[in-house]
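J.: Dropping the structure in here first, questions after.
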Amino acid sequence: MRTSVGERLLDLAVSGVLWGFRILLVAAVLLGTIATIRAGKYTSEQWIDFVVFGISQGSIYALIALGYTMVYGILRMINFAHGDIFMTGAFGAYFLATWLNGIGFIDNHPILGLLIPILFAMIMAGGIAMLVERIAYRPLRGAPRLVPLISAIGASFFLEYAFRGFFGPGVYAYPPIKALEGEWNVLGVGILKVQVVVAVAAFIMMAILYFIVMFTKAGKAMRAVSESKDTAALMGIDVNRIIVSTFALGAAMAGAAGVLYSLIYRQVGFFMGFTPGIKAFTAAVLGGIGNIPGAMVGGLVLGVFESVGPSLFLEGLGIPRPYQLKDAIAFTMLVMILLFRPSGILGERITTKKA
Amino acid sequence: MNKRLFALLSVLVLASMVLAACGGAPAAPAAAYECTDPLGCVKVAPGEPVHIAYWGVLSGPDSSLGEDSKRGVEIAIDDKGGKVLGHDVLLTTEDGGCTPEGGATAAAKLASDTSLVGLIGSSCSDETVGGIAALTNAGLTTISPSNTRPVLTDPARGPDYDGYARTAHSDAFQGKAVAEFAYNFLKVTKAATLHDGSAYAQALQQVFADEFVKLGGTIVAQEAVAKDATDMKPVLTTIAAAGPEFFYYPVFVAVGGYVTAQIRDVAGLETVAIAGSDGIFTADLLKGGGANTEGMYLSSPDFSAFTGDYAGFIEKHKAKYGGSTLSTFHAHAYDAANILFAALEKVAVVQDDGTIYVPRTALREAIFATKDFKGITGTLSCSPSGDCGAPVIAVYEIQNSDPASWDPSSATAPNPKKIWP
């Protein structure tokens, strides 16, 4: 373990530079924030709006991120087709909701009109994910890690362009749900109903998932497989079945996220999964990939930073057109996390090194 | 083995010598055409088609813009009976995706095709910015029906643009028209703008802002988002904090749809007047923007100011494709194709056997020399820097948010409907 003086000096220099970087970044954020707040351009209601927008966007990121993190936890693999699974869910729900809207069902039963498409999207996304797993991933189970990754990228393109082939390159408008229009008054602040519903629905979904993973037999089996496939198999767990159900569960979350996303942004198209997929992957890494609560925290943190960041500190720093840099905020956060805390915000919980 | 190899080699050498001899001193009868054009000539043998290409956005959210122009070119070919100088016209397409990278890829592919005579395109100014150098250097000339970024036909645009002309208006006109509409017609004094980072939107909103200030108005906010952004509420909240009366976002369909769908949800923007431009003059905006599009203003070339037989064009369009036109530049594409055909007929050297040679420099010069050309968008003359359009801009108002009702050229229930000037 003896290192030469030169090496130690180099180490010191590197960590010094990194520390300087960290301090610089924090200082920039603080300076920008102070400048913005002193400028007093926004009312407190607008600040609350920024945070609420961020939470609803972040909860969607979180739902998608769960799929990335669960699959990674169990297979050590990044399922790059996950963003497109999200898209398939949104498409399924779009067609069902349009039909339901056509027969007047959504106007008469707004709650069922919301829940049925979500359920349908979950089933559809889960089914497609199971197919993808069976066709594109399972045959490559024993291959080097790069191989399923490439296969995942292929699956992603396949899904995108299959949907483009079926439904065309244009966008579809998700039918509006009248009951979700307008605002609710929460403690004197008007908050859009759809934002509240999306955030609440996402939290309920996450709670259900957390319950399944932590407190059911299947969840226990999932955790066991994630610890060690061989040992789990020796304990009588059908590893393949557990892997499939992990894929299906993660995909169901993504499918639900697809519906919630369509409720807010009202557009469905074949390429809609790409950006949210990448952002959710960022969120999963941010929170600590492989860690379920981490994915939730990462999604929320990312969503709120993206929403608040441009007006809070970029504007204060005098950067013109700060919203163009929204994605830069997300990916700067990713780089920072990878540099300074590779295990993610909640990443410490994975202590055992898995093979 | 060696012997056979030697025999083969000698046959090949002999053959190549014969071929070289033929190439060097053609033994063709009568006066064979000698190409002296500095950029070379395209030879079209008898029975071969005259190959032209359309490049533009044919996929993604803005595909209506490209598809609409492509139809204009197709109708122009039909009107020629499918033939130029006795040769069939072959139209191929290349997708530029409305991005500089996509434009560069499409242009590189087209530039390597030596059978190409001329091009129509691109759709988006970004595609031209990315691809024009490759086309110009390959000796090709393209006429864009829908690029509107002002600098593309600026006299100081640089030699890369030598092969570029357009029949669309420059946004120097469009931005000014919208500013006059807002200040003089709507009587607003505080305006905000948003662009999506595209060459088109960035320049157009700036022209608008400059003109609006010149008229006496104030620009309270100029913001921008990324082209793939979906969550517009934060940026709209920032704009709301500036308190505009008029909000102008001359963007493309993706961003335009998201902004329109979300704008009324943002406190402070519930009733602000909203306007876009020709980039979102399509039924796809209604699909993306939903009910909020009702009452929205869109600037576009003024269809009622076209001096040519626009009604006849619409008839042909209905007969060929059914339904309404998809976007705003079909007539400009029709004119662009006809300018290309006219120039082609002027410069092509026709041999007795029907072979034609198209000298590339001469073709380019003939296009730029177009003068008093009777098109359907007006009487067109090209400037030395390639501006051939006859711009008259109007502002339309969306009457109905149902995409099926989109028909700007309808006589009875136009949607959107022209309201200014």
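J.: Let's test the formula: R0 of 30 Å, r as the Cβ-Cβ distance of residue A:332 and residue B:151. What FRET efficiency results, to the nearest 0.05?
T.: In this case the efficiency is close to 0.40.
J.: Using a 1.4 Å probe, how large is the accessible area of residue A:9, given in Å² and rounded to the nearest 10?
T.: 110 Å²
J.: Tell me what chain A gives for mean residue ellipticity at 222 nm when only DSSP H runs of n ≥ 4 count, each as -39,500 (n - 2.57), the sum divided by the residue total, rounded to 500 deg cm²/dmol.
T.: Details: 13 runs with 251 residues, N = 355.
Estimated from H runs of four or more residues: -24000 deg cm²/dmol.
J.: What percentage of the solvent-accessible surface of the range B:231-302, computed with a 1.4 Å probe over protein heavy atoms, is contributed by carbon and sulfur atoms? Present the calculation step by step, with values, prior to reporting the outcome.
T.: Values: 540 of 1210 Å².
Here carbon and sulfur together make up 45 percent of the probe-accessible area.
J.: Continuing with this model, one more query. Using the C-alpha gyration tensor of chain A, what are the square roots of 5 times its eigenvalues, in whole angstrom, with the largest one first?
T.: On the way: eigenvalues 220, 196, 63 Å².
Over the Cα atoms of chain A, the semi-axes work out to 33, 31, 18 Å.
J.: Any residues in the range A:168-187 that have 40 Å² or more less accessible area with all protein chains than in their chain alone, probe 1.4 Å, and which are they?
T.: Listed by number, the residues meeting the 40 Å² cut-off are A:169, A:171.
J.: Could you do me a favour and compute the accessible area per residue for the protein assembly as shown, 1.4 Å probe, result in Å²?
T.: On the way: 32530 Å² over 776 residues.
Heavy-atom SASA per residue in the protein assembly as shown reads 42 Å².
J.: Over the range A:125-243, what percent of the accessible surface lies on carbon and sulfur atoms, probe 1.4 Å?
T.: 69 percent
J.: What are the residues of the range B:283-322 that lose 20 Å² or more of accessible area, with a 1.4 Å probe, going from their chain alone to all protein chains?
T.: In the range B:283-322, residues shielded by partner chains: B:287, B:288.
J.: Another question about this same structure. Residues in the range A:198-235, backbone N under 19 Å from the label point at residue A:241 (7 Å along the Cα-to-beta-carbon vector): list them, ranges by number please.
T.: Residues A:212-235 fall inside that zone.
J.: Around residue B:45, with a cut-off of 14 angstrom between Cβ atoms, what is the net charge of the other residues, counting Lys and Arg +1 and Asp and Glu -1? Show your work: numbers first, answer last.
T.: Working: positive: B:43; negative: B:48, B:88, B:352, B:353.
Overall, the nearby charge balance is -3.
J.: Under 16 Å Cα-Cα from residue B:318, which lysines qualify once same-chain neighbours fewer than 8 residues away are excluded?
T.: Partners found: B:70.
J.: Jot down the radius of gyration and Dmax of the protein assembly as shown, Cα atoms only, both in angstrom.
T.: Taking only Cα atoms of the protein assembly as shown, I get Rg and Dmax of 30.0, 99 Å.
J.: Here's something else I'd like to know. Hey, rough spin-label estimate for residue B:43 and residue A:25, points 7 angstrom out along Cα→Cβ, what's it come to in nanometres?
T.: That separation, rounded to one decimal, is 6.3 nm.
J.: Counting only protein heavy atoms and rolling a 1.4 Å probe, how much accessible area do A and B lose on contact, total for both sides, in Å² to 100?
T.: Numbers: alone 18120 and 17060 Å², together 32530 Å².
Using a 1.4 Å probe on protein heavy atoms, the buried area is about 2700 Å².
J.: Ordering A:98, B:355 from largest to smallest accessible area (1.4 angstrom probe), what's the sequence? Walk me through the numbers before you get to the answer.
T.: Numbers: A:98 60, B:355 10 Å².
From most accessible down to least: A:98, B:355.
J.: Using DSSP, restrict attention to beta bridges with both residues in the protein assembly as shown and report what percent are antiparallel, rounded to the nearest 5. Present the calculation step by step, with values, prior to reporting the outcome.
T.: On the way: 25 of 57 bridges.
Given both bridge residues lie in the protein assembly as shown, the antiparallel proportion sits at roughly 45 percent.
J.: Using the beta-carbon distance between residue A:17 and residue A:319 and R0 = 25 Å, what value does 1/(1 + (r/R0)^6) give for FRET efficiency, to the nearest 0.05? Before the final figure, lay out the partial values.
T.: On the way: r = 24 Å, r/R0 = 0.97.
Calculated value: 0.55.
J.: What nm value, rounded to one decimal, do you get for the distance between residue B:410 and residue A:112 when each label is placed 7 Å out toward the C-beta?
T.: So the two model labels end up 3.5 nm from each other.
J.: Remind me, relative contact order of the range B:305-418 in percent, using alpha carbon pairs under 8 angstrom and six or more residues apart? List each step's numbers first, then the result.
T.: Working: 128 pairs, mean separation 26.9, N = 114.
It rounds to 24 percent for the range B:305-418.
J.: Along Cα→Cβ, 7 Å out, is where each label goes; now give me the distance between the ones at residue A:211 and residue A:166 in nm to one decimal.
T.: Computed distance between label sites residue A:211 and residue A:166 equals 3.2 nm.
J.: I've got another one for you. Taking the Cα centre of the range A:151-300 as origin, sum charge times position over the Cβ atoms of Lys and Arg (+1) and Asp and Glu (-1), and report the length of that vector in debye to the nearest 20.
T.: Details: 10 positive and 6 negative charges, 23 e Å.
That gives the range A:151-300 a dipole magnitude of about 120 debye.
J.: Can you show me the helix-derived [θ] at 222 nm for chain B, built from DSSP H runs with n ≥ 4 at -39,500 (n - 2.57) apiece and divided by the number of residues, rounded to the nearest 500.
T.: Values: 12 runs with 159 residues, N = 421.
So the calculated ellipticity at 222 nm is -12000 deg cm²/dmol.
J.: In the range B:234-256, what residues drop by 50 Å² or more of accessible area when the other protein chains are put back, versus the chain on its own? Use 1.4 Å, and skip ligands and nucleic acids.
T.: B:234, B:237, B:238, B:241
J.: Here's another thing I want to ask about it. If a helix is a whole DSSP H run, which ones in chain B reach 20 Å or further along their own axis (Cα) and hold a mean Kyte-Doolittle hydropathy of at least 1.0? Walk me through the numbers on the way to the answer.
T.: On the way: long enough: B:2-24 (32 Å, 1.54); B:63-79 (24 Å, -0.61); B:199-215 (24 Å, 0.36); B:330-347 (26 Å, 0.43).
Helices meeting the criterion: B:2-24.
J.: If I compute solvent accessible area with a 1.4 Å probe over the protein chains, what percent of it on the range B:43-150 is carbon and sulfur? All intermediate terms of the calculation are to be shown ahead of the outcome.
T.: On the way: 1600 of 3200 Å².
On the range B:43-150, the fraction of accessible area on carbon and sulfur atoms equals 50 percent.
The values are calculated or read from the model by the stated rules, or taken from the named source; none is laboratory data. Treat the numbers as computed from the prediction; the structure is a model and nothing was measured. Don't worry about glycine lacking a Cβ; one is built from the backbone with ideal geometry, like all the others, and counts go over all protein chains shown. What goes into the accessible areas is simple: the full protein's heavy atoms, side chains included, and nothing from ligands, DNA or RNA. Shrake-Rupley method; radii C 1.70, N 1.55, O 1.52, S 1.80 Å.
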